[in-house]
Amino acid sequence: MSAQAQMRAMLDQLMGTSRDGDTTRQRIKFSDDRVCKSHLLNCCPHDVLSGTRMDLGECLKVHDLALRADYEIASKDQDFFFELDAMDHLQSFIADCDRRTEVAKKRLAETQEEISAEVAAKAERVHELNEEIGKLLAKVEQLGADGNVEESQKVMDEVEKARVKKREAEEVYRNSMPASSFQQQKLRVCEVCSAYLGLHDNDRRLADHFGGKLHLGFIEIREKLEELRRIVADKQEKRNQERLKRREEREREEREKLRRSSKERSSRDKERSRDRDRTSRDKDRSPRERSPREFKDKKRSYESANGRSEDPRSSEEREAGEI
């Protein structure tokens with residue numbers, strides 16, 4: 001990549017697709033299904049393992065540093081939950097890798113000379129010390145590249161102690177097998193990246209493997225997968241709590257609504273009961289208990305309803321006579 005292309009990529013990563021007003025680049029958004037969500041979260045295996053023995057080539061989905069910058073800016077104000085898509089992607093990739101590891105183990109078990117469980121345990125101890133030495137040497141090289149000489153020397157002392165333990169373990173393993181069998185290369189499959197490791201690999205080979213881009217890339221992918229699992233679990237728990245809280249609020253509102261409705265219904269029932277009691281009392285009262293005026297009004301109402309009157313005098317004459 002030329003210096004100009006590198007500069008452009010850096011600006012894209014910092015400012016996104018709209019850094020120079022180029023509207024043609026904004027035709028696809030980071031939320032588009034064609035965009036790799038693992039790339040947006042900087043964990044796509046196609047990027048991590050690029051240039052290694054297991055280079056996967058170009059990803060089938062869109063990779064663009066500017067879209068990643070757009071996503072990082074937008075995710076500050078909104079949660080897009082792309083971690084779930086990335087987690088599914090990495091889980092599928094790691095599952096394929098683990099299947100290859102199991103197949104390689106079975107192939108080795110079929111092709112290598114069968115040994116007893118006791119001898120196998122002794123060989124396993126040598127492999128474990130090889131792995132420890134390889135990781136420590138890779139750490140020494142990294143510390144030296146960073147200019148941390150004092151810390152690098154401390155780790156180198158640990159390497160020497162591990163080498164002593166390895167020689168002792170090799171001696172125990174040698175004494176448990178015939179010389180001809182001991183000289184045969186006993187292979188082991190790396191649990192992290194499924195590469196083959198030899199029982200008699202030298203320090204340089206071990207350092208190249210455990211400090212190499214392939215092994216470290218798989219470590220990065222596996223660690224990122226565990227991080228995504230934690231993030232997704234936390235977000236799902238948070239959503240479940242929010243959903244439960246909203247449901248409790250709705251239930252509380254429904255109970256309050258029912259309580260108010262019941263109270264209003266009870267109030268109406270009491271009012272109707274009072275009206276019925278009042279009407280019943282009026283009907284049960286005898287004519288003597290009623291006032292003269294009330295008795296006359298009811299009598300007049302009855303006569304009017306039946307279309308007749310017992311007194312032929314006019315109402316004015318009757319009232320005058322009553323007076």
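The values are calculated or read from the model by the stated rules, or taken from the named source; none is laboratory data. None of these values were measured; they are calculated from a predicted model. We place every Cβ from the backbone using ideal geometry, glycine too, and count neighbours over all the protein chains shown. Areas reflect the complete protein model, heavy atoms only, side chains present, ligands, DNA and RNA absent. Shrake-Rupley method; radii C 1.70, N 1.55, O 1.52, S 1.80 Å.
Filter the helices (runs of 4 or more DSSP H) completely within the range 122-230 down to those with at least 1 residues that are open to solvent by 80 Å² or more (accessible area, probe 1.4 Å) and among the small types (Gly, Ala, Ser).
179-183
Any idea which of Val119, Val103 is outside any loop (DSSP other than H, G, I, E, B) and open to solvent by 30 Å² or more (accessible area, probe 1.4 Å)?
Step by step, each of Val119, Val103 is checked, and only Val103 is outside any loop (DSSP other than H, G, I, E, B) and open to solvent by 30 Å² or more (accessible area, probe 1.4 Å).
Just one of Asp79, Asp55 is surrounded by fewer than 14 Cβ atoms within 10 Å (Cβ to Cβ) and more than 15 Å from the chain's Cα centre (by Cα); which is it?
Of Asp79, Asp55, the one residue that is surrounded by fewer than 14 Cβ atoms within 10 Å (Cβ to Cβ) and more than 15 Å from the chain's Cα centre (by Cα) is Asp55.
Within the range 231-256, which residues are among the basic types (Lys, Arg) and either under 19 Å from Cys193 (Cα atoms) or loosely packed, with under 12 Cβ neighbours inside 10 Å (or both)?
Lys238, Arg243, Lys245, Arg246, Arg247, Arg250, Arg252, Arg255
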